[in-house]
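Please read the structure below before turning to the comments.
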């Protein structure tokens, strides 16, 4: 009996040692394969950088789409027991850049549109249609003649407005010249001390055009290997009146989960005293210029 117990104990120990050795061997093999994969990934990144540096067109786009729909009947626990509601929206970030040895031509588009609906079935007077919620439209074109690998003399035209509601009221068109700095492949910094900010609006007592400086910083690339990222800061500083200055900062993310499909998010910040004064029905000096923000989260697709 004692002999059987000792043999069983030895067998258990042998099996345990065998499994332990197997686990250590597998971990070692995994580390070796990971090191090999990292090496090939670094080489692939170097080749991609060489491709990106070649002359020619570079085009791309990614965006998000999201929505939700719900309906309630006799759900007495809430204030409106009979209702239907829904949201739908999408964002799009696209670019088409022509990079040559002596010049470049960069074009970009950003739009974010969404609609919301809330229908109280017990109220025949409420609005049961989808209404505009988010309404952002920015498009720009930048041309530059290279002075060196990192600096160029450039001209920029940028247009911003809403398209679902109050199209071109207001609308902003910046046209200017100056210099563009490209310290790395995916970062473009525009410095235009001579820029005119055309403002189109029905309320010309609030919305005024002026001469000023234009600063744009745009980064479009990847964070890690699966996150497509774009960050765009566009600022105008008026020489005539600081109240006529404005800036907008938009950040977009797209994380791939399966092939080109994933999760996307976008958030934007803006400061614009003219828009605040027009909405509040007051003067520029009296307007409460709170920070404007928006955010979107949904399913993303990379083109």
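The values are calculated or read from the model by the stated rules, or taken from the named source; none is laboratory data. Not measured: the values here are computed from a predicted model. No Cβ is skipped: glycine too gets one built from the backbone with ideal geometry, and neighbour counts run over all protein chains shown.
Given the criterion modelled with pLDDT of 95 or more, surrounded by 15 or more Cβ atoms within 10 Å (Cβ to Cβ) and assigned by TED's automatic domain parsing to the domain that holds residue 69, identify the matching residue among 156, 211. Before you say what the answer is, go through the steps one by one.
Details: 211 fails: surrounded by 15 or more Cβ atoms within 10 Å (Cβ to Cβ).
Testing whether each residue is modelled with pLDDT of 95 or more, surrounded by 15 or more Cβ atoms within 10 Å (Cβ to Cβ) and assigned by TED's automatic domain parsing to the domain that holds residue 69 leaves just 156.
Are any residues in region 177-205 assigned to a loop (DSSP other than H, G, I, E, B) and over 24 Å from residue 99 (Cα atoms), and if so, which ones? Outline the logic, then answer.
In the first step, residues of region 177-205 are kept if they are assigned to a loop (DSSP other than H, G, I, E, B); the result is 182-186, 201-205.
Those that are assigned to a loop (DSSP other than H, G, I, E, B) and over 24 Å from residue 99 (Cα atoms): 201, 202, 203, 204, 205.
On the given criteria, is residue 48 in a helix (DSSP H, G or I), over 30 Å from residue 134 (Cα atoms) and either under 26 Å from the mean Cα position of the chain (by Cα) or modelled with pLDDT of 80 or more (or both)? If you could, list the steps in order and put the result at the bottom.
Details: in a helix (DSSP H, G or I): yes; over 30 Å from residue 134 (Cα atoms): yes; either under 26 Å from the mean Cα position of the chain (by Cα) or modelled with pLDDT of 80 or more (or both): yes.
Considered against the rule, which asks whether it is in a helix (DSSP H, G or I), over 30 Å from residue 134 (Cα atoms) and either under 26 Å from the mean Cα position of the chain (by Cα) or modelled with pLDDT of 80 or more (or both), residue 48 comes out as yes.
Among the residues that make up region 106-119, is at least one of them farther than 27 Å from residue 269 by Cα, in the same structural domain as residue 182 (by TED's automatic domain parsing) and either surrounded by fewer than 15 Cβ atoms within 10 Å (Cβ to Cβ) or modelled with pLDDT of 95 or more (or both)?
In the first step, residues of region 106-119 are kept if they are farther than 27 Å from residue 269 by Cα; the result is 119.
If we keep only those that are in the same structural domain as residue 182 (by TED's automatic domain parsing) too, we end up with 119.
Next, from what is left, pick out any that are either surrounded by fewer than 15 Cβ atoms within 10 Å (Cβ to Cβ) or modelled with pLDDT of 95 or more (or both): none.
For region 106-119, residues farther than 27 Å from residue 269 by Cα, in the same structural domain as residue 182 (by TED's automatic domain parsing) and either surrounded by fewer than 15 Cβ atoms within 10 Å (Cβ to Cβ) or modelled with pLDDT of 95 or more (or both): absent.
For region 78-99: of the residues being in a loop (DSSP other than H, G, I, E, B) and at pLDDT below 90, which is surrounded by the most Cβ atoms within 10 Å (Cβ to Cβ)?
78
Output the residues belonging to region 162-179 that are buried (at least 19 other Cβ atoms within 10 Å of the Cβ) and within 22 Å of the chain's Cα centre (by Cα).
Across region 162-179, the qualifying residues are 172, 174.
Six or more apart or on different chains, Cβ atoms under 8 Å: show the pairs whose first residue is in region 46-67 and farther than 20 Å from residue 219 by Cβ and whose second is outside any strand (DSSP E or B) and modelled with pLDDT of 80 or more.
Filtered contacts from region 46-67: 55/100; 55/101; 56/100.
Table: residues versus (1) free of Cβ contacts under 8 Å to residues at least 40 places away in the same chain; (2) surrounded by fewer than 17 Cβ atoms within 10 Å (Cβ to Cβ); (3) over 28 Å from residue 89 (Cα atoms); (4) outside the structural domain of residue 107 (by TED's automatic domain parsing).
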position: 183; (1), (2), (3), (4): yes, yes, yes, no
position: 201; (1), (2), (3), (4): no, no, no, no
position: 227; (1), (2), (3), (4): yes, yes, no, no
position: 238; (1), (2), (3), (4): no, no, yes, no
position: 246; (1), (2), (3), (4): no, no, no, no
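Determine which member of the set 29, 41 is in contact (Cβ under 8 Å) with a residue 40 or more places away in the chain, surrounded by 10 or more Cβ atoms within 10 Å (Cβ to Cβ) and in a helix (DSSP H, G or I). So that I can check it myself, show each step before the final result.
Details: 29 fails: in contact (Cβ under 8 Å) with a residue 40 or more places away in the chain.
Just a single option satisfies the conditions, and that option is 41.
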